[in-house]
Amino acid sequence: MDLMDSLKSAIGGGNQQNDLISIIMSLIGGEGGINNLIGQFASKGLGDVINSWVGTGKNLPISGDQLKGVLGDGTIKNLASKLGMDSNALLGQLSNLLPQAVDKLTPGGKVPEGDIMSKGMDLLGGLLGNK
C-alpha cells in the first residue's frame with residue numbers, strides 16, 4: 001500500500017482529510033524541514049524512532065504520548081482544535097501516519113535535499129483535491 005492509499009484509508013474522506021494531510025506535511029516541511037523534526041525527536045530521546053522512519057529498515061512505532069512529548073501539548077491541542085477533533089484522536093492518527101509519511105519522503109534512507117514540502121505534495125499527487 002502506498003502513502004496515498006495509507007492516508008486515504010486511515011483518515012477517511014472530506015475536509016478533515018485534507019486538513020490532516022496538510023498538518024502532516026507542515027510537521028515534515030515546516031521551519032527547518034525534516035532535519036528540524038529529526039532534531040526534535042533526538043532531543044526527546046526518540047532519535048532512534050525517527051531514524052528508523054528515515055532508514056530503510058522497519059519503522060519503529062511511536063505512541064501518542066511520545067508524539068505529544070516531542071511536539072508539545074500546546075501544539076497538539078491547537079492542531080486538534082483546528083481539525084475539530086479530540087487531541088487523543090489526533091495523536092492516534094499522527095502516530096500512525098507520520099512514520100509512513102517520513103518513510104515515503106526519505107527514499108533510500110536519506111533526507112532529500114531541497115524543498116521537501118514540494119516533494120511531499122508531488123508525492124501526494126491530487127489527494128488534497130479529492131473529497
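Every number here is computed from the coordinates shown, using simple stated rules; none is lab data. The shown structure was predicted, so the numbers you read here are calculated from the model rather than taken from an experiment. Neighbour counts are summed over all protein chains in view; Cβ atoms, including those assigned to glycine, are modelled from backbone coordinates with ideal geometry.
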| Of LYS82/LYS110; LYS58/LYS110; LYS58/LYS82, those spanning more than 22 Å from alpha-carbon to alpha-carbon | LYS82/LYS110; LYS58/LYS82
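What is the sum of charges around SER52, taking Lys and Arg as +1, Asp and Glu as -1, for the other residues whose C-beta is under 10 Å from the C-beta of SER52?
That works out to -1.
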| Cα Rg over Rh - region 15-119, Kirkwood | 0.94
| Say each of ASN78 and ASN59 gets a label point 7 Å from the Cα, pointing the same way as Cα to Cβ; how far apart are those two points in nm? | 2.5 nm
| task | Treat the count of other C-beta atoms within 10 Å as a stand-in for reagent exposure and order LYS68, LYS58 from fewest to most. | result | LYS58, LYS68
| For region 15-119: relative contact order, % (alpha-carbon pairs under 8 angstrom, 6 or more apart) | 35 percent
